[in-house]
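Q: Could you have a look at this structure, given as structure tokens, before my questions?
Values quoted throughout were computed directly from the atomic coordinates according to the rules given, and no laboratory measurement underlies them. Computed from a predicted structure; not experimentally measured. Note that we place each Cβ from the backbone using ideal geometry, even for glycine, and neighbour counts take in every protein chain shown.
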Amino acid sequence: MKKIILCAAFLLAAGMNVSYAQMSADEIAERASKASYYQGKDGRSFARMVITDAQGRKRERQMTILRFNAGDNGEQKYYVYFHKPNDVKGMSYIVWKHLGRDDDRWLYLPALDLVRRVASSDKRSSFAGTNFLYEDISGRSVKLDKHELLSSDGGSYLLKNTPKDSDQVEFSYYKVWVDKNNFVPMKAEYYDKEGKLYRIIEANQVKDIQGYPTTVEMTARDINSGGSTVADFTDVSYGIGISDGIFTERYLRNPPLQWIKG
């Protein structure tokens, strides 16, 4: 009986490996997106971003990030509130993430008491002066790219992702290394229109939080400028009951303090 059980376990494990090996590039990309941006019904984290330029000079950003999954179709809402430094304190940013069409994005600038609509073309620009982009914060829809599985050797899947509309982005393609165990993207390399590597994002540390693999430290590097940004995420929690109603223009000017970490 013991031999039969061990044999059955072996066959089950083998079957699982075969199943993963036969996963398409689109399926891997979809699972990687869910592992990065869809953990739990909602989520909150406190983020500290340290920006270092080519001369070694450092600047810092501190913010609270709130997320709400709006239904089962992949749409989401994000709210980012900036705590420090003083020149960005009180600034807030909202994203309504859509699949199959452009996201809606708004930015509140307290110094001007102005709510500005962030154009679709701006999502590939710097996020608050860091080496991360607006699109990095809420994620890029997998439907915007064609996915190709380059390798499944070792512990990672290697995907090549080519934009379906190359006129909308500054890169020609990007590669992503996805951990086979949890589907967390561990590294992304972006290549410009001439095929030259110009940008890298890496997950430095992944922890299990409430049963979800969570990237708690990551680095974005600009190869051309020599600058980089390290982002640390603390006080991460999922399923805390965030209300859908806070992701509106009203709360850009009046932040939902019950959800904001000081």
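Q: What pairs from Lys143/Lys180; Lys84/Lys193; Lys164/Lys196; Lys97/Lys175 go past 30 Å between their alpha carbons? If you can, show how the numbers build up before the last one.
A: On the way: Lys143/Lys180 21 Å; Lys84/Lys193 36 Å; Lys164/Lys196 19 Å; Lys97/Lys175 23 Å.
As for pairs spanning more than 30 Å Cα to Cα, those are Lys84/Lys193.
Q: If the cut-off is 15 Å between C-alpha atoms, which aspartates and glutamates fall inside it for Lys41, apart from same-chain ones fewer than 8 positions away?
A: Partners found: Asp72, Glu75, Asp244.
Q: Fewest first, what order do Asp244, Asp136, Asp165 take by the number of other Cβ atoms within 10 Å?
A: Going from sparsest to densest Cβ surroundings: Asp165, Asp244, Asp136.
Q: From the phi angles alone, apply the Karplus equation (6.51, -1.76, 1.60; θ = phi - 60°) to the range 230-247 and give each ³J(HN,Hα) in whole Hz, x where the residue is Gly or Pro.
A: Whole-Hz 3J(HN,Hα) from phi for the range 230-247: 9, 10, 10, 10, 10, 6, 7, 8, 10, x, 9, x, 4, 7, 4, x, 7, 8.
Q: When Lys and Arg each count +1 and Asp and Glu each count -1, what net charge do the other residues less than 14 Å away from Thr162, Cβ to Cβ, add up to? Walk me through the numbers before you get to the answer.
A: Values: positive: Arg140, Lys143, Lys146, Lys160, Lys164, Lys175, Lys193; negative: Asp26, Asp145, Glu148, Asp165, Asp167, Glu170, Glu189, Asp192.
The answer is -1.
Q: Can I ask one more? Could you give the longest part of the chain that holds none of the GluC sites (Glu not before Pro) found in DSSP loops with at most 15 neighbouring Cβ atoms within 10 Å?
A: Numbers: sites that count: Glu75, Glu170, Glu194.
Answer from the scan: 76-169.
Q: To continue, here is another question. Taking the beta-carbon count within 10 Å as an exposure proxy, list Tyr251, Tyr79 from fewest neighbours to most. Can you show the working numbers first?
A: On the way: Tyr251 19, Tyr79 24.
Fewest to most other Cβ atoms nearby, the residues stand as Tyr251, Tyr79.
Q: Right, next: Excluding Ser24 itself, calculate the net charge of residues whose Cβ lies under 14 Å from the Cβ of Ser24, where each Lys or Arg counts +1 and each Asp or Glu counts -1. Walk me through the numbers on the way to the answer.
A: On the way: positive: Arg31, Lys146, Lys160; negative: Asp26, Glu27, Glu30, Asp145, Glu148.
Charge balance in the 14 Å sphere: -2.
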